[in-house]
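Worksheet: one structure, shown below.
None of the figures in this text is laboratory data; all of them are computed from the coordinates on show. What you are looking at is a predicted structure, and each value in this text was computed from that prediction instead of being measured. Virtual Cβ from ideal backbone geometry, glycine too; neighbours counted across all protein chains shown.
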Amino acid sequence: MPQLTADLSSPCDKQQAKKALKAISFTNLAMNPWTVISLVLVLAVAMATATAAGEGPAANYLVFVDPPPSGVVGTTYQLGILTAALGSEEKAKGAILYNYKNVMSGFSARLTPSELEEVKKQPQVNRVLPSATLSLMSSNFDGIN
């Protein structure tokens with residue numbers, strides 16, 4: 001009978017959990033219900049650990065920041081804010097998607113939950129919103145196409 005072991009010291013994501021389930025022969029599991037119960041508990045703890053660690057999937061966010069000081073290039077200023085949050089300019093350049101400077105001062109970036117929390121702590125950051133794509137329900141306004 002196969003032994004179930006798990007390393008709960010490192011976070012596990014849903015894909016890793018699915019791979020683990022596929023690797024186990026279900027014919028062997030059907031013989032011993034305690035094995036099934038053990039597996040379910042190990043996976044639940046591993047997924048809870050991953051969620052508690054804040055390393056869920058990355059998502060896109062709009063980050064509204066204070067306008068740059070006079071004479072400072074907006075993109076350089078915004079990159080500096082993200083660099084301070086993420087710990088390296090290389091990570092910041094990889095995360096930033098777009099810089100906004102005409103209507104508002106800010107940028108969009110792809111961030112994990114833990115990175116998002118670090119960005120929110122920056123004193124120049126005013127607001128952070130999840131990025132969303134909106135579409136019109138109709139393109140027919142007052143009979144005009």
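Based on the mean of other Cβ atoms within 10 Å per residue, sort peptides 95-103, 128-136 so the most packed one is first. List each step's numbers first, then the result.
Details: 95-103: 14.0, 128-136: 8.9.
For the peptides 95-103, 128-136, the packing ranking is 95-103, 128-136.
What does the charge count around ASN126 come to, taking other residues whose C-beta lies under 12 Å from its C-beta (Lys +1, Arg +1, Asp -1, Glu -1)?
On the way: positive: LYS120, ARG127; negative: ASP66.
Once positives and negatives cancel, what remains is +1.
For PHE107, what is the net charge nearby, where nearby means another residue's Cβ is under 12 Å from its Cβ and Lys, Arg count +1, Asp, Glu -1? Write down the numbers at each step before the final one.
On the way: positive: LYS93, LYS101, ARG110; negative: none.
Neighbour charge sum, excluding PHE107 itself: +3.
Full-extension gain between TYR98 and GLN124, please, as 0.36 nm times their residue separation minus the C-alpha to C-alpha distance.
On the way: separation 26, 0.36 × 26 = 9.36 nm, distance 1.75 nm.
Fully extending the segment from TYR98 to GLN124 adds 7.6 nm.
Run the simple label-point estimate for THR75 and SER114 please: 7 Å along Cα→C-beta, distance reported in nm.
3.0
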